[in-house]
1. Inspect all residues belonging to segment 198-205 and state whether any of them is crowded, with 16+ Cβ neighbours inside 10 Å, over 22 Å from Phe152 (Cα atoms), in contact (Cβ under 8 Å) with a residue 40 or more places away in the chain and of a type in the set (A, V, I, L, M).
2. Output the residues belonging to segment 341-353 that are in a helix (DSSP H, G or I) and either loosely packed, with under 13 Cβ neighbours inside 10 Å or within 43 Å of the chain's Cα centre (by Cα) (or both).
3. Among the residues of segment 228-238, are any within 30 Å of Met315 (Cα to Cα) and not in a strand (DSSP E or B)?
4. Against the definition (more than 23 Å from Tyr224 (Cα to Cα) and out of contact with any Phe, Trp or Tyr (no Cβ under 8 Å at 6 or more places or on another chain)), how does Lys299 come out, yes or no?
5. Does any residue of segment 186-197 turn out to be in a strand (DSSP E or B) and in contact (Cβ under 8 Å) with a residue 24 or more places away in the chain?
6. Taking segment 157-184 as the search range and keeping residues that are surrounded by fewer than 14 Cβ atoms within 10 Å (Cβ to Cβ) and under 13 Å from the mean Cα position of the chain (by Cα), which one is farthest from Leu278 (Cα to Cα)?
7. What number of residues within segment 223-248 are surrounded by 20 or more Cβ atoms within 10 Å (Cβ to Cβ) and small (Gly, Ala, Ser)?
8. In the set Ala80, Ala60, Ala68, which member is of a type outside the set (Val, Ile, Thr), surrounded by 13 or more Cβ atoms within 10 Å (Cβ to Cβ), at pLDDT below 75 and not in a helix (DSSP H, G or I)?
Amino acid sequence: MSIPPPSGPQHPQDAQGPQGPYSAPPQPRGPYPAPQFPHGGGPGLAPYGLYGPHGPRPPAAVNGVAIAALVFGVMCLLPAVGLVLGLIALRQIRRRGERGRGMAIAGSVLSSLGLALWVASLATGVAADVWEGFKDGARGNGVLALRKGDCFDSPGGLEGLAYEADRVPCADEHDGEVFALVTLPDGVYPGDARLADTADERCYALQDAYAMDSWAVPDDVDVYHLVPSRESWRYGDREITCVFGNRDAQATLTGSLRRDETTLDAHQVAYLEAARVLDTALGEAPEAEFVEDDLPGHKEWADRVSKALAEQAGMLRGHAWPAGAERPVTDLAGELEEAEEEWARAAGADDADTYHEHHDRGWELIDARKSVTARKALGLDTSPPVYDEEAERDAGGGEMEV
């Protein structure tokens with residue numbers, strides 16, 4: 001809200017009429033005649049101080065800015081604005097001889113109190129309660145209303161600023177699906193870059209808990225996130241919303257990607273939890289791509305993979321599978337145990353050539369296609385993910401993103 005500036009002082013008038021725009025300023029007049037009554041007033045006359053050389057003068061105008069300051073102070077509207085208006089009003093009153101000094105002072109004092117209370121509320125957590133109340137009132141179609149498992153459309157897409165989110169059934173086309181909510185600790189605003197890095201790290205780490213069967217996640221799906229703005233942070237917003245969306249900003253998703261305890265049976269969950277052990281170890285490969293550049297690092301990695309294979313095989317053998325899946329899962333466990341021996345030999349290799357020999361054999365034994373039969377018996381997705389190396393080989397050297 002803006003307050004228009006008060007109109008400038010009127011030009012004084014002489015006995016002949018108003019002065020022209022270039023007339024000289026009026027000369028000071030002589031002293032006022034003494035009042036005719038003991039205390040400067042009398043019946044029918046104005047009080048002392050409102051006399052001019054030609055009789056009683058009209059009362060001075062009330063400063064408009066002082067009125068505005070008082071209104072802002074009484075109603076607690078933007079206390080900082082009310083305080084500034086009060087200070088401006090006091091200066092104008094002193095310069096122009098206008099009335100309203102009391103209103104300006106009252107507005108300044110009330111606005112100062114309101115500003116102090118607002119700052120204290122931020123420090124004591126009252127603002128967080130206000131933010132929670134705001135979120136409760138925004139449960140309709142705002143991004144604050146989104147919860148884990150919700151599918152939604154966003155008028156502005158999944159990039160840039162997002163304020164609205166219309167929840168829709170996941171079976172229909174939609175822009176995004178919420179797979180996790182992350183609550184950040186209190187403190188100063190971490191900054192846009194740091195907040196984005198935190199969101200990337202946390203959201204990518206949480207996606208597998210929601211979509212446990214990575215084979216069921218289409219290749220064109222990526223991870224997005226909604227983070228607090230600097231303004232919402234001031235009022236207590238500490239929530240990161242992790243979202244699955246299409247890599248193509250113009251495309252949508254259809255169907256839910258949720259594959260966890262809420263949508264899978266106990267046997268499917270047991271199999272995927274065992275598979276995650278190996279997937280985690282494989283994802284911890286050393287930064288050096290070539291073994292010759294870091295043989296010790298690759299040997300340590302091979303040792304972790306070997307232990308993960310032993311753990312996965314043990315988890316598969318230790319579960320009571322349904323009749324139709326027992327044989328395929330048992331056969332798979334045997335393949336994993338054979339692969340575990342090869343990765344263990346790679347971990348103990350004395351040179352790069354020996355490492356490559358056992359690494360390559362061990363990699364063949366954990367080929368994803370060897371688990372298709374067990375997955376089919378358990379009712380899981382049977383389409384192995386396509387990796388860059390396979391895509392390049394099948395396409396004659398071309399690139400394919402996953």
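1. no
2. Trp343, Asp353
3. Looking through segment 228-238, none of the residues is within 30 Å of Met315 (Cα to Cα) and not in a strand (DSSP E or B).
4. Against the criterion (more than 23 Å from Tyr224 (Cα to Cα) and out of contact with any Phe, Trp or Tyr (no Cβ under 8 Å at 6 or more places or on another chain)), Lys299 does not qualify.
5. Taking every residue of segment 186-197 in turn, none turns out to be in a strand (DSSP E or B) and in contact (Cβ under 8 Å) with a residue 24 or more places away in the chain.
6. Filtering segment 157-184 for residues that are surrounded by fewer than 14 Cβ atoms within 10 Å (Cβ to Cβ) and under 13 Å from the mean Cα position of the chain (by Cα), the one farthest from Leu278 (Cα to Cα) comes out as Tyr163.
7. 2
8. Ala60
The values are calculated or read from the model by the stated rules, or taken from the named source; none is laboratory data. All figures in this text were calculated on a predicted structure; none of them were measured in a lab. With ideal geometry, Cβ positions are generated from the backbone for all residues, glycine too; neighbour counts draw on all protein chains shown.
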